[in-house]
Amino acid sequence: GCVIDGKLYPFGEIARTEDCFQCSCSPRAMRCCSLFHTPTGYDKENCKIVFNKESCNYDVVDKNNPSKECVAYSRM
């Protein structure tokens, strides 16, 4: 298998690692792609980004009230 961040995964396709990556594991190589997109267009003065491991995505929230969502206009 392949080891990612100390955890052993079996050979083959890995739909989701603990750190939100999708990987292909073979005896010769391991290839991974992120399952999340980083927000780039949002109100940086009043909002901040917080990684949500459950949804494998970044939430854009109000700096003073994290329970309030902000709009993200674009992601990379």
Close pairs (6 angstrom Cβ cut-off, 6 or more residues apart or separate chains): in contact (Cβ under 8 Å) with a residue 24 or more places away in the chain in the stretch 1-21, surrounded by 10 or more Cβ atoms within 10 Å (Cβ to Cβ) and outside any strand (DSSP E or B) anywhere: Gly1/Phe11; Ile4/Thr17; Cys20/Leu35; Cys20/Phe36; Cys20/Cys56
Flag if Ser74 is of a type outside the set (A, V, I, L, M), loosely packed, with under 15 Cβ neighbours inside 10 Å and free of Cβ contacts under 8 Å to residues at least 24 places away in the same chain: no
Test: residue in the stretch 36-43 that is surrounded by 11 or more Cβ atoms within 10 Å (Cβ to Cβ), modelled with pLDDT of 95 or more and of a type in the set (A, V, I, L, M, F, W, C): no
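The values are calculated or read from the model by the stated rules, or taken from the named source; none is laboratory data. Treat the numbers as computed from the prediction; the structure is a model and nothing was measured. When we count neighbours, we look across all protein chains shown, and the Cβ atoms used for this are built from the backbone with ideal geometry, even at glycine.
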